[in-house]
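Report on the structure given below.
The values are calculated or read from the model by the stated rules, or taken from the named source; none is laboratory data. Every value quoted in this text rests on a predicted model; they were computed, and no experiment measured them. For neighbour counting, all protein chains shown are included, and Cβ atoms are generated from backbone atoms with ideal geometry for every residue, glycine included.
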Amino acid sequence: MALAPFFGRIYSAVGKHVSATRDGLSKALSATRVGLICGDHLSRNSQMIAEMSINLAARLYPIIAITASEPQRVRLQEIARAINPKIEFCDESPGELTVAVGISGPPRSINVSASGWVAELRSVFQAEEGPVNPYAATAAAALAWSEVFRRVFLQRSADRDVSLSLLDFTESSGKNLPLSAASIGEVLFVGVGAVGNAAIWAMSRDEVTSGSLTLVDHETVSLSNLQRYTLAETSDVDEPKVVLAERILRSSHFSVKSIQSTLQGYVANGHQLPTTCISLDNVDGRRTGQALLPRLLVNGWTGDGSLGASWHAFDNGQACLACLYHPHGQGLSAVQQAAMAFGLKEERAVQLWLTRSPLSGEERRHAAKKLGVPPNALVAWKDRPLAELYTDVVCGAVPIDLPGVKNVEVVPLAHQSVLAGALMAAELLKRTQPALSDLAQKEPLISWDDVLQAPPKSWLRPRPRELGCICGDPVYQEVYRERWRNV
Ligand SMILES: [Zn+2]
């Protein structure tokens, strides 16, 4: 079997969207042939699209057809094998499941390209040789493989070409605009998870932008992370995430300092940097990130079938990051999600979570019923804390068929995290370079609300401040103004 060793995690991500059992998904993937076709002399943008394409494909599909010149094919196969050592390669894939880069693909294939800030998917190939832009190239690959996903699992294909400018979210702005040799300044980069991985993948290929990054994340890479961490290969398991990211960025123009710590741990010892770029998987961290009052805050996120990025200046009258994660805003805390998943009252879930206690026998059976599994399916967790049960079962660290999984937030799809990371990195460049921010959208939030549907026609989400948020507090505003007055 060519299925990836982290198939359990793939099931957690895909199972929800396609209502498949583990066995059903495993059979479906083993019967699927997807393909990547590359022209002989790829532009830099097309080369990046090809590399991110195989990177994404290898994290989900066990059998892939690569059509390319010999050295290119060998190189792409190496990338795929480093992710899934058991992957198989075949000679052909159906046209509609084939992504073509730098060459006209077969009928019904997805022709993908990037030029300047614009990512494009077309039904008919057009030669593009615009300015190099790794952010648009990364986004183009993610868009292409989201289309393949919908064709494979939902038998649904977009009825139109897609053209998306990461500069202002129109169709064509910045198509001929090269990146400039400017600096993004000093950036605290918090969270090297799936979204952070994709941002760093793109930034490591940026040959002109410079700046100083302080990477903060306390975790190490686990095998299940390979389902959507585009920097991680099998050999990286157990390496600290910040160390992996620093290694990838070594040959870029960014200077990097890596700190294996939580944000809270860093804050206790580190000094305040003007810009924070944050992609943590929890609400508390994001709210903390805003409460620290950086001059600029850039955020990337994936939610239940959604993804996006946002930027926040705190004193411009628009929503701050804490507004977006205000109670009843988007996103739930892990405790709230656990309560929902297992059918617990929220107070009870908080109590169990904080005291590191297990569910009672009755709660465990009730939770099993809520998840749609047999009453004794969760017995292995009878002495383990709620937080562990949640991580193992709901977040998919432990393989278990979950017919009731629709009730809970599940693991994002790889292309979903990659697009969020590309959007976040693009905002980071745009908001730290005045020449770009003048051209960029004014809205603080960009979002694709349902990745099972074709990309939206409008990505912009005007977002007013939340009543009762810290951004409406005169004391916070005064501290912010004082701190950045002379910068
Ligand atoms: Zn706010």
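Here residue 221 meets the list (1) crowded, with 24+ Cβ neighbours inside 10 Å; (2) in contact with a strand residue (DSSP E or B) (Cβ under 9 Å, 6 or more places away or on another chain) almost entirely, failing just condition (1). Counting the residues of region 128-184 that are touching a strand residue (DSSP E or B) at 6+ places or on another chain (Cβ under 8 Å) and closer than 15 Å to residue 50 by Cβ gives 10.
Please work out if residue 375 is modelled with pLDDT of 90 or more, over 26 Å from residue 278 (Cβ atoms), not in a helix (DSSP H, G or I) and not assigned by TED's automatic domain parsing to the domain that holds residue 52. Considered against the rule, which asks whether it is modelled with pLDDT of 90 or more, over 26 Å from residue 278 (Cβ atoms), not in a helix (DSSP H, G or I) and not assigned by TED's automatic domain parsing to the domain that holds residue 52, residue 375 comes out as no. If I filter region 334-343 for residues that are within 30 Å of residue 480 (Cα to Cα) and either surrounded by 21 or more Cβ atoms within 10 Å (Cβ to Cβ) or more than 16 Å from the ligand (Cβ to nearest atom) (or both), do I get at least one hit? Looking through region 334-343, at least one residue is within 30 Å of residue 480 (Cα to Cα) and either surrounded by 21 or more Cβ atoms within 10 Å (Cβ to Cβ) or more than 16 Å from the ligand (Cβ to nearest atom) (or both).
Only one entry of 36, 42, 56 meets the criterion of being touching a helix residue (DSSP H, G or I) at 6+ places or on another chain (Cβ under 8 Å) and closer than 23 Å to residue 223 by Cβ, and that entry is 56. Residue 22: out of contact with any strand residue (DSSP E or B) (no Cβ under 9 Å at 6 or more places or on another chain) and at pLDDT 95 or above, yes or no? It is false that residue 22 is out of contact with any strand residue (DSSP E or B) (no Cβ under 9 Å at 6 or more places or on another chain) and at pLDDT 95 or above. The condition of being crowded, with 16+ Cβ neighbours inside 10 Å, over 17 Å from residue 122 (Cα atoms) and in contact with a Pro (Cβ under 7 Å, 6 or more places away or on another chain) holds for residue 177.
Against the definition (β-branched (Val, Ile, Thr) and closer than 30 Å to residue 130 by Cα), how does residue 209 come out, yes or no?
yes
Might you let me know whether region 263-275 holds any residue that is on the phi < 0 side of the Ramachandran plot, small (Gly, Ala, Ser) and within 16 Å of the ligand (Cβ to nearest atom)? No.
Take residue 427 and tell me if it is away from the ligand (no atom under 16 Å from the Cβ), modelled with pLDDT of 95 or more and acidic (Asp, Glu). Here the answer is yes, as residue 427 does meet what is asked. Selection within region 430-487: residues that are hydroxyl-bearing (Ser, Thr, Tyr) and in contact with a helix residue (DSSP H, G or I) (Cβ under 6 Å, 6 or more places away or on another chain). The member of this set that is farthest from the ligand (Cβ to nearest atom) is 437. Remark: pairs (first residue in region 452-465, surrounded by 17 or more Cβ atoms within 10 Å (Cβ to Cβ); second residue assigned to a loop (DSSP other than H, G, I, E, B) and modelled with pLDDT under 90; Cβ separation under 6 Å; 6+ apart in sequence or on different chains) = 454/158. Sort out which residues of region 279-313 are part of a loop (DSSP other than H, G, I, E, B), surrounded by fewer than 24 Cβ atoms within 10 Å (Cβ to Cβ) and either over 22 Å from the mean Cα position of the chain (by Cα) or within 16 Å of the ligand (Cβ to nearest atom) (or both), and write them in order of number. The answer is 292, 293, 295, 313. Evaluated against (1) part of a helix (DSSP H, G or I); (2) within 26 Å of residue 4 (Cβ to Cβ), residue 265 falls short on exactly one condition, (2). Of all residues in region 52-72, exactly one satisfies the criterion of being in contact (Cβ under 8 Å) with a residue 12 or more places away in the chain, surrounded by fewer than 22 Cβ atoms within 10 Å (Cβ to Cβ) and in a helix (DSSP H, G or I), namely 72. What number of residues within region 340-372 are of a type in the set (Asp, Glu) and part of a loop (DSSP other than H, G, I, E, B)? Residues in region 340-372 being of a type in the set (Asp, Glu) and part of a loop (DSSP other than H, G, I, E, B): 0 in total. Among the residues of region 5-38, those that are buried (at least 21 other Cβ atoms within 10 Å of the Cβ), touching a Phe, Trp or Tyr at 6+ places or on another chain (Cβ under 9 Å) and closer than 19 Å to residue 141 by Cβ comprise 14, 34. Scanning region 1-34 for residues that are in a loop (DSSP other than H, G, I, E, B) and of a type in the set (A, V, I, L, M) yields a total of 6. Taking region 73-84 as the range and being surrounded by 13 or more Cβ atoms within 10 Å (Cβ to Cβ) and out of contact with any helix residue (DSSP H, G or I) (no Cβ under 6 Å at 6 or more places or on another chain) as the test, the residues that pass are 73, 75, 77, 81, 82.
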